[in-house]
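The values are calculated or read from the model by the stated rules, or taken from the named source; none is laboratory data. Predicted model, so just to flag it, every value in this text is computed and none were measured. Every residue, glycine among them, receives a Cβ derived from its backbone with ideal geometry; neighbour counts consider all protein chains shown. Accessible surface is based on the protein model in full, side chains and every heavy atom, while ligands, DNA and RNA are left aside. Shrake-Rupley method; radii C 1.70, N 1.55, O 1.52, S 1.80 Å.
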Amino acid sequence: MRMKSSPKLRPNGWDGLAAAVVLVLAVACAALVWTGGGQSGPLTAVVSADGETVDQVVLADLTEPEERTYTANGCTLRVTFGPGSAQVTASDCPTQDCVHTGKITRGGQSIVCLPARIVIQLEGGPAADSGVDLVIG
Amino acid sequence: MRRFGALLAALLLAGSLTACGGAAAQEMQTAQVFAMDTVMGLQATGGETAEALAAAEDEIYRLDEELSRTREDSAVSQLNRAEAGTSVEVGAELYDLIARALAFSQATDGAFDITLAPVSSAWGFTEDAYRVPAQEELAGLLAHVGSEHVHLDGASAVSLDQGTQIDLGAIAKGYASDAVAAIYQEHGITHGIVDLGGNTWVCGGNLKGEPWRIGVQDPARAGEAEAYTGILRMGDGFAVTSGGYQRYFEENGKTYHHIIDPATGHPAESGLTSVTVVADGTVGNGTMCDALSTALFVMGEERALDFWRSGVYDFDLILVTEDGRLLVTDGIADRFQPDETAGYAYEVIS
């Protein structure tokens, strides 16, 4: 014996739309979860002094090296920003740790000058290969 | 109408799916603190996050003021300035910390020593005015070095012998990490990182529900980014690294680092280039890890491993030797992934 389906239960265009909406939302949710919220923008150097942001340089926009100086707490740092990198090239701070750090190129990396209390932090861009959450040592 | 009801239900279902990913969608709140001669990074989420970060920041600044040797008004400076043999009321907190420091000195046979302050100053490490002191100068200063020159009087007073000064720099950040860990717990933080310049406490694992991935800096490539001896996976716990590469100066082609051997007054030459001490996240272990990382660096490989095997304290180790070996104790070997590109000969120690 064959069952007859009611015309009202047959799928039509509206049902297809509902299914499409659910599908799109599901894909969007998955993308959000698996990409960590999609926070990654263009690689940007954020310069802070005493915890306050004093400058931001979108490294992805640079086509050639650009030099800027920052002064805080009696120390002056000369920073060279390049396409995809930042480096303290000179500093009159007593420890020179910021100069020794060398070039940073990936989101999450930073250069710290303690005497000046200046931090240059890279944000955005591709994630670091190693995928570490923090570094000790 | 029924179709719109179905669409509404579908939207609600999709919304609930987004909520299932709540932990992953959560964001870590961060704070940056300049204190204790380093830059500190705090991350937290869950619970009363903003309150926890604010309280942690306040606590770090408070401890910096109390424990600093370079701040004239600190409790430690007042003790150092007091006339020799005078009993100084330092309060219960500083008294207890000094008592713990003395216990670490005793346990490590003097390798950890808070009375090295004048020697460290002679090398210019305290004032960022580096120099190589003469042997006669060091010999004179070493006469006043040793835990026997620090006296605990009553329940909250301390006195120092003539010429003796204390510096809690080798234990203060560890103590601060304990204090911040306690604050995080009080405020119900579910995922957190407390990075106090080489002194680290983590809790809850990352937002994907996995252990935190901690890169251990390769001392041979200290100036390079992403140059690790390996990666330690840890959900909850303390990890502290001491290494000569962290602070040093060069004179006449020779490198002098900041970890002084109390037995010689010179930078320790123990054959180790880096010591990482790892312990569970129990509040109090941060202080222990900080003290032991310094002490075991001074002691060298053999004494450090003997000390670990003695079981006096419950911890694990990652040691890097000058001759290119990477030693990891078996308590954390299953959570440590050595970086083969670093070129070390990897050994698990039991």
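7 Å from Cα along Cα→Cβ at both A:E66 and B:R247: what's the point-to-point distance in nm?
About 3.6 nm separates the two model spin labels.
Please quote Rg/Rh for segment B:97-169 to two decimal places, taking the Kirkwood radius as Rh and restricting both calculations to Cα atoms. Please list the in-between numbers first.
Details: Rg = 12.9 Å, Rh = 12.9 Å.
Reported Rg/Rh, Kirkwood definition of Rh: 1.00.
Can you work out D for segment B:275-333 in µm² s⁻¹ from Stokes-Einstein, where Rh is the Kirkwood radius over C-alpha pairs, the temperature is 4 °C and the viscosity is 1.567 mPa s? The partial results should precede the final answer.
On the way: Rh = 11.6 Å.
Answer from the Stokes-Einstein relation: 112 µm²/s.
Compute the separation of the alpha-carbon centres of segment B:223-290 and segment A:38-107 and state it in Å as a whole number.
27
Going Cα to Cα from B:K208, which aspartates and glutamates come in below 19 Å? Please leave out same-chain ones fewer than 8 positions away.
Straight-distance partners of B:K208: A:D129, A:D133, B:E27, B:D236.
Report, as an integer, the average count of C-beta atoms from other chains found within 10 Å of each Cβ along B:224-230. Could you put the intermediate results ahead of the total?
Numbers: counts 3, 14, 11, 3, 5, 1, 0.
Taking all residues of B:224-230 together, the mean is 5.
By how many degrees, 0 to 90 and rounded to 10, does the Cα axis of helix B:285-310 deviate from the longest principal axis of chain B?
For B:285-310 against chain B, the angle is about 70 degrees.
Within 10 Å of each Cβ in B:213-219, how many Cβ atoms from other chains are there, averaged over the peptide?
Working: counts 6, 6, 9, 4, 3, 1, 1.
Mean shielding count: 4.
Got a sec? Which residues in segment B:169-206 would a label at B:Q29 touch, if it sits 7 Å along Cα→Cβ and we count backbone N under 18 Å?
Hits in segment B:169-206 for B:Q29 at 18 Å: B:180-195, B:203-204.
Between B:A134 and B:Y346, what FRET efficiency comes out of the Förster formula 1/(1 + (r/R0)^6) with R0 = 45 Å and r the beta carbon distance, rounded to 0.05? Before the final figure, lay out each step's value.
Details: r = 42 Å, r/R0 = 0.93.
So the FRET efficiency works out to roughly 0.60.
As an exercise, use a Förster radius of 45 Å and the Cβ-Cβ distance of B:D109 and A:T76 to find the FRET efficiency, rounded to the nearest 0.05. Don't jump to the answer; show the numbers that get you there.
Working: r = 46 Å, r/R0 = 1.02.
Rounded to the nearest 0.05, the efficiency is 0.45.
Residue by residue through segment A:104-121, which ³J(HN,Hα) values in whole Hz follow from phi under the Karplus form 6.51 cos²θ - 1.76 cosθ + 1.60 (θ = phi - 60°), with glycine and proline marked x?
Rounded to whole hertz, the list is 10, 9, 10, x, x, 7, 8, 10, 10, 10, 5, x, 7, 6, 10, 10, 10, 10.
Using only Cα positions of segment B:201-248, each an equal point scatterer, no hydration layer, compute I(q)/I(0) via Debye at q = 0.15, 0.20, 0.24 Å⁻¹ and quote the log10 values to two decimals.
Each listed q maps to, in turn, -0.46, -0.72, -0.88.
Using only the alpha carbons, work out the radius of gyration and Dmax of the protein assembly as shown in angstrom.
26.6, 110
Within segment B:155-181, list the residues whose amide N lies under 17 Å from a label point set 7 Å along Cα→Cβ of B:D236.
B:178-181
Counting every Cα pair in segment A:44-123, what percent are over 18 Å apart?
Numbers: 940 of 3160 pairs.
Above the 18 Å cut-off, segment A:44-123 has 30 percent of its Cα pairs.
If R0 is 30 Å, what FRET efficiency do you get for B:Y61 and B:D330 from their C-beta distance, rounded to 0.05? Before the final figure, lay out each step's value.
Values: r = 40 Å, r/R0 = 1.32.
The pair B:Y61/B:D330 has a calculated efficiency of 0.15.
Roughly speaking, to the nearest percent, how much of segment A:44-123's 1.4 Å accessible area is carbon and sulfur?
Roughly 42 percent, rounded to a whole number.
Just tell me how shielded A:99-105 is by partners: mean number of partner chain Cβ atoms within 10 Å of each residue's Cβ, no decimals.
3
How big is the Cα convex hull of segment B:42-130 in projection, averaged over all directions, in nm²?
Over all viewing directions, segment B:42-130 projects a mean Cα-hull area of 8.5 nm².
Per DSSP H run of n ≥ 4, the term is -39500 (n - 2.57); total these for chain B, divide by its residue number, and report the mean residue ellipticity at 222 nm rounded to 500 deg cm²/dmol.
Numbers: 9 runs with 124 residues, N = 350.
After summing the helix terms and dividing by residue count, I get -11500 deg cm²/dmol.
Using +1 at the Cβ of each Lys and Arg and -1 at the Cβ of each Asp and Glu in chain B, identify which of B:L79, B:Y175, B:G271 lies farthest towards the dipole's positive end.
B:Y175
Per residue, what volume in Å³ does the Cα convex hull of chain B take up? Could the numbers behind the result be given before it?
Numbers: hull volume 55.3 nm³, N = 350.
Roughly 158 Å³ of hull volume per residue.
Treating only the Cβ of Lys, Arg, Asp and Glu as charged (+1, +1, -1, -1), what charge dipole size does the protein assembly as shown show about its Cα centre? Round to the nearest 20 debye.
Working: 28 positive and 65 negative charges, 643 e Å.
Computed about the Cα centre, the dipole is about 3080 debye.
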